[in-house]
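In what follows, a single structure is set out as structure tokens and then discussed.
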Amino acid sequence: MKIALAQMNPTVGDYAANVRAMLQTAAAAARQGARLVVFPELAVCGYPPKDLIESSDFLQAAQSAADELTEASGRPGMPAMLFGCPLQSSKRPGKLAKNVAILCDRGRVLLEQQKMLLPFYDVFDEQRYFEPGTEQHLIELDGEVLAITICEDAWNDKDFWPERWYENDPVDRLMQQRMPDGRRPQLILNLSASPYWEGKEAVRREMLAAVARRHNVAVAISNQVGGNDSLIFDGGSFALRCDGELAAQAETFATGLAFFDSTCDQPALVPNAEADIAQDWQALVLGTRDYLHKTGFTQALVGLSGGIDSALVAAITVEALGPDNVMGIGMPSEYSSSHSIDDARELAANLGIRFELLPIRAGVDAMTTTLDPVFHGTPFGLAEENVQSRLRGVLLMAVSNKLGHLVLTTGNKSEMATGYCTLYGDMAGALAVIGDVWKTRVYQLARYANRNGTVIPENTITKPPSAELRPGQLDTDSLPPYEVLDPLLQAYVERYESADEIASTQHLDPALVERVLRLVQRSEYKRQQAAPVLKITRKSFGTGRRFPLAATFSNTTESTPRIAREVPVSA
């Protein structure tokens, strides 16, 4: 039996467009000989639907979409379809909805398989919405015995994971079942909506290869692709032979079809071997494009300082939207160097985007005059520095309101972690494109942006980073060098290591570690007001990292409130 893995990019809640795309894809796969087309988890509504699941209207629309797909499977020339869909749950007491995989063929439903393992970690919150399944069944299609699972149901193999989060293993339970004539499953199919983070593609493949080898069965996964809010789905659907070797694979970060024979006995393929840096780039481009397009925008606005962060965001956005749909705004102050303005102009010229210069000195002077009754007699300091940043935010939002461009913020993960950013200033915007990119990674991505020729000026990459809010200012005035800072932050933010662990394993001064950790803790209130962050690491700021604000617990030697006045590193 020829099977097609249909890698879809759904828009959450757009049932009409999603079903239309599914039917077109199924018809195209059938024309290429596919008997069965496998779509991703919740393909009908898009993943993640979040609190839309709480709406009975949303679930009724899902049922109507499932009925439409089932009816379409009976039309001449249409294949069988296996797709993910939310449906109302009748279990009481229990949750309103269930996450199911529906197999339909020739106009009728053959199987409705309910997801059993509902993830509740990081960005996942499925136990909030769905009733877990309690039983699963095998199904036969054209003589082939299929074991159908949904995403997390296949992520609990006892031989792969040193520690498991669930006692139940749905794959084990399915593989122990037999058809009435004694036959065992010949193929495990997994409908997935597995988001991207660095290295995730290899983990998926290695994990499912372990499942294939342990059960001596072919395995295939159909994974969602595209950006939905902060999450980016890389696709990369594939099929594995019984020995765990690759039998078929789809592209990453693109829609499309991957075909394989249900026996998976074809010659082994070599896995895609894209470098992490290339995948990060593709993820950020896709996430930016889909965020704008799925929210109804076509054009973006980026404040260009001449620095590397804004340059990288502009380069990513141009690849996502095209140069005609990106506008750069330079907003120099009296502290801006001439080379920063020149670098911003050169970047805009290299990218082919419109660039406008809106100096802020007159505006800063007006604000200074207005604030003089309160500020009179006090020394120039952080408040005056942040007036500059906030005035830039006002200008960007004014242009956005007038022209309809979406403002993209340009802060990186190192800055967001330590609070080296200004609320209502450089944090103003609708999407934090590189908010999950450490500063050291920013430099690597900037070099990648120049892989086919100079896009980001060399001077932008090599000059010392500075916010340029006071004379001679450098980032290292307030923070350790990024080569030291980033590994420290990564250990604390992504792995939750303690100050003692970090100081010991990274051979750092404990006082330095504690100072940095206090910056992270007291900047939590800023991050909870930040724009959505495109997630590309295991642990990003946003819904997957949740800390209280009115709290004083700390794993440093001092207890630090998570709400604080603008700390001295704020720019």
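The values are calculated or read from the model by the stated rules, or taken from the named source; none is laboratory data. Fair warning: this is a prediction, and the values are worked out from it, not measured in the lab. Because the Cβ atoms are built from the backbone with ideal geometry, glycine has one as well, and the counts that use them run over all protein chains shown. What goes into the accessible areas is simple: the full protein's heavy atoms, side chains included, and nothing from ligands, DNA or RNA. Shrake-Rupley method; radii C 1.70, N 1.55, O 1.52, S 1.80 Å.
How much of the DSSP bridge set in the chain is antiparallel, in percent, rounded to the nearest 5?
Around 55 percent antiparallel, to the nearest 5.
May I have the pair-distance distribution P(r) for the chain, computed from all Cα-Cα distances with 20 Å bins from 0 and rounded to whole percent?
20, 48, 27, 5, 0
Rounding to the nearest 10 and keeping the result within 0 to 90°, find how far the Cα-based axis of helix 308-321 lies from the longest principal axis of the chain.
Long axis of 308-321 versus the principal axis of the chain: about 40 degrees.
Measure nothing but the geometry: give the 0 to 90° angle between the long axis through the Cα atoms of 382-403 and the longest principal axis through the Cα atoms of the chain, rounded to 10°.
Value to nearest ten degrees: 50.
Hey, can you grab everything whose amide H is under 5 Å from the amide H of A247? Only 5+ residues off in sequence or another chain; H modelled, so Pro and N-termini drop out.
Under 5 Å from the amide H of A247 lie the amide H atoms of A239, L240, R241, L269, each far enough along the sequence or on another chain.
I'd like the accessible area for E334: 1.4 Å probe, protein heavy atoms, all chains in place, Å² to the nearest 10.
90
Would you calculate a helix-derived [θ] at 222 nm for the chain, using -39,500 (n - 2.57) for each DSSP H run of n ≥ 4 and dividing by the full residue count, to the nearest 500?
One gets -10500 deg cm²/dmol as the mean residue ellipticity at 222 nm.
Note the full-extension length gain between A17 and R495 as 0.36 nm times their separation in residues minus their Cα-Cα distance, in nm to one decimal.
Between A17 and R495, full extension yields 168.1 nm more.
State the extension gain, in nm to one decimal, for the chain segment bounded by H376 and L357, taking 0.36 nm per residue of separation less the distance between their alpha-carbons.
3.8 nm
With a 1.4 Å probe and every protein chain kept in, tell me what percent of the accessible surface of the chain is carbon plus sulfur.
Ligands and nucleic acids excluded, carbon and sulfur give 52 percent.
Starting from the 7 Å offset along Cα-to-Cβ, what nm value, one decimal, do you get for the label separation of L549 and D265?
Using points 7 Å along Cα→Cβ, the separation is 6.3 nm.
To the nearest 10 degrees, how steeply does helix 276-294 sit against the main Cα axis of the chain, on a 0 to 90 scale?
90
Name the trypsin sites (Lys or Arg not before Pro) in segment 227-297 that are in a loop by DSSP and that have at most 10 other C-beta atoms within 10 Å, would you?
Sites meeting the loop and neighbour criteria: none at all.
How far is it, in nm, from the label point at Y443 to the one at R106 when both lie 7 Å from their Cα along the line to the Cβ?
6.5
Size of the dipole of segment 355-483 about the Cα centre, Lys and Arg at +1 and Asp and Glu at -1 on the beta carbon, nothing else charged, in debye to 20?
With only Lys, Arg, Asp and Glu charged at Cβ, the dipole is about 420 debye.
How charged is the neighbourhood of N99? Take every other residue with its Cβ under 9 Å from the Cβ of N99, and add Lys/Arg as +1 and Asp/Glu as -1.
-1
If I ignore ligands, DNA and RNA and count only protein heavy atoms, how much of S230 is accessible to a 1.4 Å probe, in Å² to the nearest 10?
30
Hand me the chymotrypsin sites (Phe, Trp or Tyr not before Pro) from segment 314-405 located in a DSSP loop with no more than 15 other Cβ atoms within 10 Å, in residue order please.
Sparse-neighbourhood loop chymotrypsin sites (Phe, Trp or Tyr not before Pro): F380.
Quick one: length gained pulling Y525 to A511 fully straight, 0.36 nm per residue minus the C-alpha distance?
Separation in residues times 0.36 nm, less the Cα-Cα distance, equals 2.7 nm.
At a Förster distance of 30 Å, what's the computed FRET efficiency of D172 paired with E140, Cβ-Cβ distance as r, to 0.05?
Efficiency, from the Cβ-Cβ distance: 0.90.
Find the accessible area per residue for the chain; the probe is 1.4 Å, ligands and nucleic acids are left out, and the unit is Å².
Normalised by residue count, the accessible surface of the chain is 40 Å².
Report Rg(Cα)/(2.2 N^0.38 Å) for segment 56-186, keeping two decimals.
So segment 56-186 has a normalised radius of gyration of 1.13.
Placing +1 at every Lys and Arg Cβ and -1 at every Asp and Glu Cβ, with all other atoms neutral, what dipole size does the chain have around its Cα centre, in debye to the nearest 20?
The calculated dipole for the chain is roughly 880 debye.
Using Cα centres only, tell me the gap between segment 367-444 and segment 285-311 in whole Å.
Comparing the Cα centres of segment 367-444 and segment 285-311, I get a distance of 16 Å.
Using 28 Å as the Cα-Cα cut-off, could you pick out the over-long pairs in K294/K402; K2/K91; K158/K294; K294/K535; K200/K294?
Those over the limit are K2/K91; K158/K294.
Distance in nm between label sites at V203 and L474, each 7 Å beyond Cα in the beta-carbon direction?
Each label point is offset 7 Å from its Cα along the Cβ direction, giving 3.7 nm.
Please list, by residue number, every one of the trypsin sites (Lys or Arg not before Pro) in segment 119-213 that is coil in DSSP and has at most 12 other beta-carbon atoms within 10 Å.
Those satisfying the criteria are K158, R178.
Can you work out the PRE-style zone for E483? Point 7 Å along Cα to Cβ, and I want the residues of segment 508-528 with backbone N under 16 Å.
508
Let me have the relative contact order for the chain, percent, based on Cα pairs under 8 Å that are six or more residues apart.
Answer for the chain is 11 percent.
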